[in-house]
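Q: Quick one: this structure, given as structure tokens, is what I'll be asking you about.
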Amino acid sequence: MTTRINPSILSADFANLERELGRIATADLVHVDVMDNHFVPNLTFGLQMVQRLQEVSPIPLDVHLMIDDPDRWAPAYAEAGAFSVTFHAEAAGEPVSLARRLRDLGARAGIALKPGTDATPYLDLLPEFDQVLVMTVEPGFGGQAFIPETMPKLARVADAVQDAGLDVWLQVDGGITEDTIGIAAEAGANTFVAGSAVFNGAGAPAGRIAALRDAVAAHPHSHR
Ligand code: DX5
Ligand code: ZN
């Protein structure tokens, strides 16, 4: 299994983002949380910031759009060069059309599900997506506790991906630490977002990233 660790810069020093990106250069992708204060009760940054991050980042951008009306706003993030653009199922009007547009623009297309959102309506749409983000906290803030009740849903999506013979990355986001990452790996995740565990943990981010990789490797993958 390929394991991807995507640090979330939501927990980084916003006044020194270029330096912070340099501290996570051993990660796979940098997770960029765009929040609009409508879809979630928090506000971060938008397209102009992402364009600049794209220019200076040593690793590709994994953009997580927690915004209303992604049908209107998401394509510009693909045009900016983001490696992946993930929008929320709860916010999208035409998720398949939007995913196709993102792919046409050269980005990986991702769909995110809040903890309370049923995956069933989206299982037949999996061929349209490159990644599925199963939120393991309510979106909006870093530093929250992992919600283990989301794991059966993750396992169902993992089963559907396998049954369909697809190569869809399964991502978890929220409360991922050395203590919880194995639970998510066991349920089928292969792409792990971690904000506070990377930037607020003991020692430098590179050590935290390595520790997260080790925690996945040490864990038995009983789901598969
Ligand atoms: C929450 C964001 C996450 C956040 C995770 O809405 O989508 O990416 O940064 O932070 P931690 O890892 O601290 O839970
Ligand atoms: Zn996120």
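The values are calculated or read from the model by the stated rules, or taken from the named source; none is laboratory data. Because the structure is predicted, anything quoted here is derived from the model rather than measured. FYI the Cβ positions are ideal-geometry reconstructions off the backbone, even for glycines, and counts take in every protein chain you see. For accessibility, only protein heavy atoms count, side chains too; no ligands or nucleic acids. Shrake-Rupley method; radii C 1.70, N 1.55, O 1.52, S 1.80 Å.
Q: Using per-residue counts of other Cβ atoms within 10 Å, averaged over each peptide, order 1-10, 170-179, 33-42 from highest down.
A: Answer by packing, highest mean first, reads 170-179, 1-10, 33-42.
Q: Looking at G81, A210, A145, which one has the Cα that reaches farthest to the positive end of the dipole of the range 4-217 (charges on Cβ: Lys, Arg +1; Asp, Glu -1)?
A: Final value for the positive-end residue is A210.
Q: Also, quick follow-up: How much length would be gained if the chain were fully extended between D179 and M1, taking 0.36 nm per residue of separation minus their Cα-Cα distance, in nm to one decimal?
A: Net length gain for the segment: 62.1 nm.
Q: When the accessible area of the chain is computed with all protein chains present and a 1.4 Å probe, what percentage of it is carbon and sulfur?
A: Ligands and nucleic acids excluded, carbon and sulfur reach 49 percent.
Q: Starting from the coordinates of the alpha-carbon atoms of the range 4-217, obtain the Kirkwood hydrodynamic radius over all distinct pairs and give the value in Å to one decimal.
A: 16.9
Q: If you take every residue apart from R103 with its C-beta less than 11 Å away from the C-beta of R103, what net charge results, scoring Lys and Arg +1 and Asp and Glu -1?
A: Counting the neighbours of R103, the net charge comes to 0.
Q: Within the range 55-113, list the GluC sites (Glu not before Pro) lying in a DSSP loop whose Cβ has at most 12 other Cβ atoms in a 10 Å radius.
A: Taking the range 55-113 and a limit of 12 other Cβ atoms within 10 Å, no loop GluC sites (Glu not before Pro) are found.
Q: List the residues whose amide H sits under 5 Å from the amide H of V32, counting only those 5 or more places along or on another chain, with H placed 1.01 Å from N in the peptide plane.
A: So V32 has HN proximity to D62, V63, H64.
Q: Roughly how big is the chain's charge dipole about its Cα centre, with Cβ charges of +1 (Lys, Arg) and -1 (Asp, Glu), in debye to the nearest 20?
A: I would put it at about 420 debye.
Q: At a Förster radius of 22 Å, what calculated FRET efficiency corresponds to the Cβ-Cβ distance of A218 and L166, to the nearest 0.05?
A: That gives a FRET efficiency of 0.20.
Q: If amide hydrogens are placed 1.01 Å from N in the peptide plane, which non-local residues have theirs closer than 5 Å to the one on E90?
A: K114
Q: So if I take the centroid of the Cα atoms in the range 108-124 and the same for the range 56-73, what is the distance between those two points in Å?
A: One Cα centre to the other: 17 Å.
Q: Quick one: which residues, 5 or more positions from R108 or on another chain, have an amide H under 5 Å from its amide H? H modelled 1.01 Å from N in the peptide plane, none for Pro or chain starts.
A: Close amide H contacts, sequence-distant or interchain: S84, V85.
Q: If you average the alpha carbon positions of the range 167-206 and of the range 1-50, how far apart do those two centres end up, in angstrom?
A: Going from one Cα centre to the other spans 14 Å.
Q: For D159 and T120, compute 0.36 nm times the residue count separating them, minus their Cα-Cα distance, and round to one decimal in nm.
A: Extra length from D159 to T120 when fully extended: 12.8 nm.
Q: Suppose all protein chains stay in the model; what accessible area per residue would a 1.4 Å probe give for the chain, in Å²?
A: Using a 1.4 Å probe on heavy atoms only, each residue of the chain averages 42 Å².
Q: Still on this structure, I have one more. What full-extension length gain, to one decimal in nm, is calculated for D104 and E18 as 0.36 nm per residue of separation minus the Cα-Cα distance?
A: Full extension of this stretch gives 28.1 nm more.
Q: When only Cα pairs under 8 Å and 6 or more residues apart are kept, what is the percent relative contact order across the chain?
A: After rounding, I find 20 percent.
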